[in-house]
Amino acid sequence: MSHSNLDGPSSGERNKIRTQRVTLRSILIGLLLAVFISVWIPYNIWILKSSAMDFEHLSVGVMIPFLFIVIVVNGCLRRVSPAAVLTASELIVIISIAMIASTVPSAGLMGYFIAVISTPYYFASPENQWAEVFFQYLPSWLVADNSKHQMQWFYEGLPWRASIPWRTWFTPLFWWGSFFMVLFFVGSCIMVILRRQWIVHEKLAFPLSQVILQIVEQPTDRSFLPPFMQSRLFWVGFGIPVCIIGWNAINYFTPVGIIPVGPPNNTLLTIGYYFPTINIKINLYILCFAFFSPVDILFSIWLFHLLAILETGGMNAIGLVETGASPVAAVTSQEIGGLIIFVFWSIWMARSHLRDVWRKAILGSTEVDDSNEFFSYRAAVFGVVFGVTYMACWLYAAGMDAGILILFLMLLFIFYIGVARIVAETGLVALDLPLNSHEFLVRAIGSSRISPSSLTTFGLTNTFARNWKTFTMVAVSHITKIGDQVWTDKRKMFGIICLSFALALVVGAVYTIYTGYATVGAYHFGQFAFTTGNIAFFENIKIWINNPKYLSTLEAVWFGLGGVVMSILISLKYWFPGWPIHPVGFTIARGVAIDGAFFTIFLVWMIKAIVLRVGGISMYKQTQPFFLGMLVGFATGMVLNYTVDMIWFPGQGHRIHGW
C-alpha cells in the first residue's frame with residue numbers, strides 16, 4: 001500500500017541539502033515566525049473577522065509568511081548579499097518550527113482549550129442545572145474560577161479601570177500545559193518509533209512534504225525567483241486565484257457579481273428525498289495540494305464518499321432506522337470500525353520493525369541503527385511508558401476511573417495514529433474524523449456504566465480529544481520526513497520543535513486571554529468554541545449523566561461491518577497488484593472536511609487521471625508548476641483579501657477560505 005515518491009528535488013539537490021546544518025539564525029527566524037503565527041491567526045479570525053487560516057494540517061496561515069521568506073526575502077538577499085541567502089536546510093528548519101506552532105492558535109488548540117476551562121462557572125444557570133448535575137465532579141485545578149466575575153469579564157469585556165485577573169488562570173494553565181506537553185512528547189515518541197516503517201519500509205507518499213521540498217529548492221544562480229517559479233505554467237496557475245479573489249474583492253465595494261469559487265459559495269446537490277445533500281464547491285487551497293496525492297487514493301476518497309451517501313439514503317428509504325439511532329450514525333460507526341482495523345493493520349505490518357525497535361531499546365542491539373531519529377529508540381519507548389503513565393495519573397486525579405482511562409488512552413492514540421497515517425498517505429491538507437474518541441467510547445460502553453466523575457472528565461477532554469490537528473502527530477510525522485534532509489542536526493531539531501510548541505502554548509494562551517478581556521470579549525469572537533460549542537460540551541455531560549447513551553444495535557452492527565469491509569479492502573489491495581481502490585478512502589468517507597472537499601477531490605482526480613493517461617509521469621511532473629502557482633496565487637489572494645478587510649472592513653471581514 002506504499003506509494004513511491006515520484007516528486008521533490010533531485011538526488012543532487014537532496015545531497016546538497018544534507019550538507020547543510022541547523023543554524024542559529026534559522027532557529028531564531030522560526031521562533032519569531034512561531035510568535036507571529038500565534039498572534040496573527042487569532043487576530044485575523046476573532047478581531048478582523050476575516051478568513052479562517054487555522055484549520056488545515058499545513059495551514060495557509062503558515063504558508064503565507066513562509067512563502068514571503070522563500071520568495072521575497074531570499075530573492076532580495078540573492079541580489080544584494082548572496083552569502084546571506086537562507087539555504088534549503090535553513091528553510092526546512094523554519095517551516096518545521098512554524099508547522100508545530102501553527103497547531104496551537106485559535107481552532108488548532110487554544111480556542112477549545114480556553115473555552116472549555118472558562119465555560120462551566122460562567123454559563124451555568126438554574127435552567128441548565130449544571131451545578132446540580134456535575135459541578136461536584138469538576139476538578140477546581142482544571143477550570144477557571146468566576147466567583148469575582150473573572151469569566152464574565154473574559155466573555156463580555158473588561159469593565160472600565162479593571163485589570164485582567166491573570167492569577168485566576170495560572171493554576172489551570174499550569175496543569176493543562178503540563179498535560180499538553182507530555183501528550184505532545186508521547187506523540188513525538190510514537191512518530192520516532194514509526195518513522196522508519198512509514199518512510200523507509202512502506203515508502204508512504206507524504207505529498208505535503210513533496211510540496212515543501214520543491215518550494216525550498218534553491219536556484220544555481222542569482223535569480224530573484226526560486227526554481228519552482230521559473231515556469232510559464234506557474235504564472236498561469238498563479239493568475240487564476242489572484243484574478244478570482246481580486247474580482248470578488250471588487251464586489252465588496254460595487255456590485256459586479258462574483259466568481260463562485262471557495263466559501264461561502266457552494267451548491268447543494270440533492271439526488272433524492274432520502275439522501276444527504278452533496279456539497280458542490282471548489283476549495284483552491286485543497287486543490288493545490290491534492291494534485292500531489294496518489295491518483296488511486298483520490299479516486300477512493302470520492303468514491304467512498306458517494307457510497308456513504310447512497311448507503312445513508314438507502315437505509316432511510318427502506319426504513320432501516322432504530323430508536324436513538326439514524327443511518328448517519330450507523331455510517332459513522334462503520335467508518336470508525338474501518339479506521340480501527342486500518343490502524344491495527346498498519347501496526348501488524350510494522351511488526352518486524354517494532355521487533356527491531358524493541359531489540360534496540362531494551363536489549364541494546366548494535367545491529368539496529370537509530371541514529372537518524374530525533375532521539376534513540378530507548379528514549380522513545382521509555383518516553384511513551386512514562387508519558388502515558390503521567391497522563392493516566394493526571395486523568396485519574398481529574399476524576400476518571402482507572403479502567404475507563406486505559407480504554408480512553410488506547411482509543412485516543414488509535415485515532416491519532418490513524419489521522420497521522422491518513423494524511424501521510426493522502427496529502428489531504430484538511431482532514432477531520434466524524435466522531436471523537438471520548439464521544440465514541442461513552443456510547444460504546446454506555447454512559448450509564450460510567451461514573452459521573454468520569455463523564456465530567458470526558459467533557460473536559462474536549463480540549464484535546466476532539467482535536468485532529470495539534471496532537472495527531474501530523475506535523476511531527478511530516479517534519480521527520482522533510483527533516484531527513486537536515487541529517488547531522490536532526491536530534492537538535494527535536495528540542496527546537498519542543499521549544500516552538502511550548503512558546504506557541506504560552507503566547508497563544510496569553511494572547512487569547514488578553515483578547516477576551518481587552519477587546520470585544522470572547523463571546524464575540526464569532527468562533528464555535530466560544531459561542532455554542534463550549535455550551536454543547538457541558539450539555540453533553542448533563543445528558544450522559546441524566547439520559548443514558550449507548551451504541552444502538554444498528555450502530556454496533558455497522559461498526560462491525562466497517563471492520564469486515566476494511567479487512568476485505570486491505571486484502572484486495574495486497575492480493576491484486578494494481579487494484580484501483582485504496583482502503584484509506586473508506587476511513588474518511590464522511591466528515592466536515594471530506595463533505596466540503598468532495599467535489600474538489602473529484603475534480604483533481606479527474607485532472608490527474610487525464611494527465612497520467614495522456615502523458616504519463618513526464619507530463620505529471622511538467623504540470624506540477626501550475627498547481628504550485630495556484631498555491632502561491634491563493635496565498636497572494638488571501639493577503640489581498642486580508643489587506644482589504646483590515647483597511648476598509650475591520651471587524652466585518654470577508655470569509656473566502658474555510659471548510
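The convex hull of the Cα atoms of region 134-234, projected and averaged over all directions, covers 14.9 nm².
Pairwise Cα separations in the chain fall into 10 Å bins from 0 onward with the following percentages, short to long: 3, 15, 26, 28, 20, 7, 1, 0. Contact order for region 11-146, expressed relative to its length and based on alpha carbon pairs under 8 Å spaced 6+ residues apart, stands at 31 percent. Treating the Cα atoms of region 514-659 as identical point scatterers in vacuum, please give the log10 of the normalised Debye intensity I(q)/I(0) at q = 0.11 Å⁻¹, two decimals. After summing over all Cα pairs, the log10 values are -0.86. The average projected area of region 384-446, computed from the convex hull of its Cα atoms over all directions, is 5.2 nm².
Taking Rh as the Kirkwood radius, which is the inverse of the mean 1/r over Cα pairs, what is the Rg/Rh value for region 314-364? Reported Rg/Rh (Cα atoms, Kirkwood Rh): 1.41. Over all other residues within a Cβ to Cβ distance under 15 Å of residue 162, the charged ones net out to +2, with Lys and Arg as +1 and Asp and Glu as -1.
Stokes-Einstein diffusion coefficient for region 608-659 at 10 °C in a medium of 1.306 mPa s, Rh from the Kirkwood formula over Cα pairs: what value in µm²/s?
Result for D is 119 µm²/s.
Inter-part distance, region 450-467 to region 607-621, computed on C-alpha centroids, equals 48 Å. Ordering of 306-313, 345-352, 188-195, 590-597 by packing is 188-195, 590-597, 306-313, 345-352, highest average first (other Cβ atoms within 10 Å, averaged per residue).
Stokes-Einstein diffusion coefficient for region 366-508 at 20 °C in a medium of 1.002 mPa s, Rh from the Kirkwood formula over Cα pairs: what value in µm²/s?
Using the Kirkwood radius from Cα pairs, D works out to 125 µm²/s.
Hydrophobic long helices, here whole DSSP H runs in the chain with Kyte-Doolittle means of at least -0.5 and Cα atoms spread over 18 Å or more along the helix axis, are found at 24-42, 88-101, 166-195, 232-250, 295-317, 327-349, 377-398, 402-426, 490-518, 533-546, 553-575, 592-648. In whole angstrom, region 218-324 maps to an equivalent ellipsoid with semi-axes of 40, 23, 9, each derived as √(5λ) from the alpha carbon gyration tensor and ordered largest first. Indicate the gyration tensor shape class of region 200-281 (rounded, prolate or oblate), computed on the Cα atoms with a ≥ b ≥ c the square roots of the eigenvalues: a/c under 1.5 is rounded; otherwise a/b larger than b/c is prolate and the rest oblate. Since a/c reaches 1.5 but b/c is at least a/b, the shape of region 200-281 is classed as oblate.
Stretching residue 640 away from residue 375 to a fully extended chain increases their span by 91.2 nm, per 0.36 nm per residue minus the current alpha-carbon distance.
Report the extension gain between residue 259 and residue 354 in nm, rounded to one decimal, defined as 0.36 nm multiplied by the number of residues separating them, less their alpha carbon distance. Between residue 259 and residue 354, full extension yields 29.0 nm more.
Can you work out the FRET efficiency for the pair residue 270 and residue 647, with r the C-beta to C-beta distance and R0 = 51 Å, to the nearest 0.05?
0.80
Sorted by accessible area (1.4 Å probe), largest first, how do 222, 25 line up?
Numbers: 222 135, 25 90 Å².
Putting 222, 25 in descending order of accessible area: 222, 25.
Sequentially through region 259-273, phi angles give Karplus couplings (6.51, -1.76, 1.60; θ = phi - 60°) of 8, x, 10, x, x, x, 7, 8, 10, 9, 9, 10, 9, x, 4 Hz, Gly and Pro residues having no value and appearing as x. All C-alpha pair distances within region 250-292, sorted into 10 Å bins from zero, spread as 23, 34, 31, 12, 0 percent across the bins. Relative to the Cα centre, the charge distribution of region 138-223, modelled as +1 at Lys and Arg Cβ and -1 at Asp and Glu Cβ, gives a dipole magnitude of about 180 debye. Here residue 549 sits with roughly 80 square angstrom of accessible surface, probe radius 1.4 Å. Normalised by residue count, region 75-119 yields a Cα convex hull volume of 84 Å³ per residue. Our estimate of slack between residue 147 and residue 510, defined as 0.36 nm per intervening residue step minus the Cα-Cα distance, is 128.6 nm. As a rough guide to protection, the peptides 80-93, 103-116 ranked by mean Cβ packing within 10 Å, highest first, stand as 103-116, 80-93.
So if R0 is 45 Å, what FRET efficiency would residue 250 and residue 306 give, r being the distance between their Cβ atoms, rounded to the nearest 0.05? The calculated FRET efficiency here is 0.80. If R0 is 60 Å, the Cβ-Cβ spacing of residue 363 and residue 83 corresponds to a FRET efficiency of close to 0.80.
Compactness of region 90-165 was expressed as the Cα radius of gyration divided by 2.2 N^0.38 Å, which yields 1.52.
Please say if region 443-595 is rounded, prolate or oblate, where rounded means a/c under 1.5 for a ≥ b ≥ c the square roots of the C-alpha gyration tensor eigenvalues, and otherwise the choice is prolate for a/b larger than b/c and oblate otherwise? If you can, show how the numbers build up before the last one.
Working: a/c = 2.24, a/b = 1.06, b/c = 2.10.
Oblate shape, in that a/c is at least 1.5 and b/c is the bigger or equal ratio.
Per residue, the average separation of C-alpha pairs within less than 8 Å and at least 6 apart gives the chain a relative contact order of 32 percent. What separates the Cα centres of region 289-357 and region 540-578 is a distance of 8 Å.
What net charge do the residues around residue 187 carry, taking every other residue with its C-beta under 15 Å from that of residue 187, with Lys and Arg at +1 and Asp and Glu at -1? Net charge around residue 187: +2.
The values are calculated or read from the model by the stated rules, or taken from the named source; none is laboratory data. None of these values were measured; they are calculated from a predicted model. Glycine gets a Cβ as well: all are built from the backbone with ideal geometry, and neighbour counts include every protein chain shown. All accessible areas refer to the heavy atoms of the entire protein, side chains included, with ligands and DNA or RNA removed. Shrake-Rupley method; radii C 1.70, N 1.55, O 1.52, S 1.80 Å.
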